[in-house]
Amino acid sequence: MNKKFIALAVAAAAFGTTAQAVELYNNDGSTFSVGGHFTVGLGDSESTSGGVNSVSPRINFEATQDLGNGWTADTKAEFQTNLLDGGANSFTTRLGYIGVGHEEFGRVAAGTQWSPYYAAAGIADLPIAFANDFLYDNHGALGTGRADAMVAYTNGFDFDNAGSLFVGLGWQGANDFQNKDVDGKPIVGANYDLGQRGQIALGYEIAGFGVNYAYTGGDISSTVQSIDDKAQSHVVSANYGTYGKGLYVAGVYAMNDYMNSYEGIQLKDTKAYEAILAYGLSNSLNLSINYEAVQNDGNTIGAGYEGETIYATTAIQAEYDVTSRLRAYAGYEFDLEGTGEFKNDNARDNVWMAGVRFFL
């Protein structure tokens, strides 16, 4: 059994190439470490005047305790930090959980955590500046990214030369969410109630190739939109290589019901796509190009919108390790716009961003 595969299968996807932490204490089977990163940069688009931006800066605290007989307890608290707004709140919760794991029997964790679904769907969500946006559409409540209040079981099975298998299960209690506008402000009336949700994820890797499948689903209702249905997603993905080390290729395809939104409305039927091609040189320079699109296949918002692309983007990016703890990055994202009723030639919004990430 590969212990690291069990403990880090989800975390590795979330942190990309350099999941760093400083171990401050290690004694009698107990450890305590501090990690995270601060990331800032300059950015601009055709619709803004530009300025200094931050890219999900966070600080985390992690502790483990050896329980004996192959069992280990772990806990983690991670907070997004506010680097730009003086006098505003400094911290908001990103992760917070307690887990108990065994090298053979797997691991159970409870709290806000990266979901098993994300282990399959997040394999292209790796560049610093521009990555996978559709996974984060109400991801806490729907369980597609950092899942709120989740109980999850994960396990890994190493078959030596025959590859390795990852298995994940997740459950969330009843929840609710309110859709927001493009500025992040709640939209009045865009409220949705969720029933209990469950998910399963499977992944198999051999000789550098990986294939994955995940499902998440549960009831959704809204008096404003007059729906009482299932909010669910099936996702399949595949990848080759290790991001940041030589060739890395990955693709994600998601079939969603009421998982994506448009102007505050949950859409009945969407298809989402993400793909990345990257190459990491021996001097740490990593070059990548990625593509993302979401297509509307239902008639939730009226005739003429079915089968049209809601949005599509492609980005070229570069990342370089100045030192082991300091990474420079730059990227340019092209707005490919939507199609049909979603297309607006006057709203094209290409974006550039460049800055540095300091690993704690």
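Quick one: putting +1 on the C-beta of Lys and Arg, -1 on the C-beta of Asp and Glu, what dipole do you get for the range 3-359 around its Cα centre, in Debye to the nearest 20? Mind showing how you got there, number by number?
On the way: 19 positive and 41 negative charges, 172 e Å.
Once rounded to the nearest 20, the dipole reads 820 debye.
Considering all projection directions equally, how large on average is the shadow of the alpha-carbon convex hull of the range 206-359, in square nanometres?
Working: hull surface 45.8 nm².
Computed as one quarter of the Cα hull surface, the answer is 11.5 nm².
What's the tally of Lys pairs in the range 3-359 whose alpha-carbon atoms lie under 26 angstrom apart, where the two lysines are 8 or more places apart or on different chains?
Value for the range 3-359: 16.
Amide H to amide H, which residues 5 or more places from Asp349 or on other chains are under 5 Å from it, using H placed in the peptide plane?
Those lying under 5 Å, H to H, from Asp349 are Asp335.
In Å and from the alpha-carbon atoms only, list the Rg and Dmax of the range 74-123.
14.8, 48
Using 7 Å Cα-to-Cβ label points, what is the Val356/Val249 separation (nm, one decimal)?
Using points 7 Å along Cα→Cβ, the separation is 3.6 nm.
Read phi for every residue in the range 317-326 and hand back ³J(HN,Hα) as whole Hz from Karplus 6.51 cos²θ - 1.76 cosθ + 1.60, θ = phi - 60°, with x for Gly and Pro.
9, 9, 9, 8, 7, 5, 9, 5, 10, 10
Rg over Rh of the chain, using C-alpha atoms and the Kirkwood radius, what does it come to?
Numbers: Rg = 20.4 Å, Rh = 21.4 Å.
We get a ratio of 0.95 for the chain.
If I take every Cα pair under 8 Å that is 6 or more residues apart in the chain, average their sequence separation and divide by the length, what percent do I get for the relative contact order? All intermediate terms of the calculation are to be shown ahead of the outcome.
Working: 997 pairs, mean separation 48.1, N = 360.
Taking the mean separation of contacting Cα pairs over the length of the chain, I get 13 percent.
Charges on Cβ only, +1 for Lys and Arg, -1 for Asp and Glu, centred on the Cα centroid of the range 3-359; of Thr92, Gly145, Ile220, which one is farthest towards the dipole's positive end?
Thr92
Per residue of the range 171-179, what does 6.51 cos²θ - 1.76 cosθ + 1.60 with θ = phi - 60° give for ³J(HN,Hα)? Whole Hz please, x for Gly and Pro, Karplus curve as stated.
9, 10, x, 4, 8, 8, 8, 10, 5
Using only the alpha carbon atoms of the range 87-209, find the Kirkwood hydrodynamic radius as the inverse mean reciprocal pair distance, in angstroms to one decimal. Don't skip to the answer; put the middle values down first.
Values: mean 1/r = 0.0614 Å⁻¹.
With all distinct Cα pairs of the range 87-209 included, I get 16.3 Å.
Where does the chain land at 222 nm, in deg cm²/dmol rounded to the nearest 500, when only DSSP H runs of n ≥ 4 count, each adding -39500 (n - 2.57), divided by all residues?
Values: 3 runs with 23 residues, N = 360.
Per the formula, -1500 deg cm²/dmol.
We did not get these values from a lab; they are worked out from the coordinates using the rules stated. Worth saying up front: this structure is predicted, and the values here are computed from it rather than measured. No Cβ is skipped: glycine too gets one built from the backbone with ideal geometry, and neighbour counts run over all protein chains shown.
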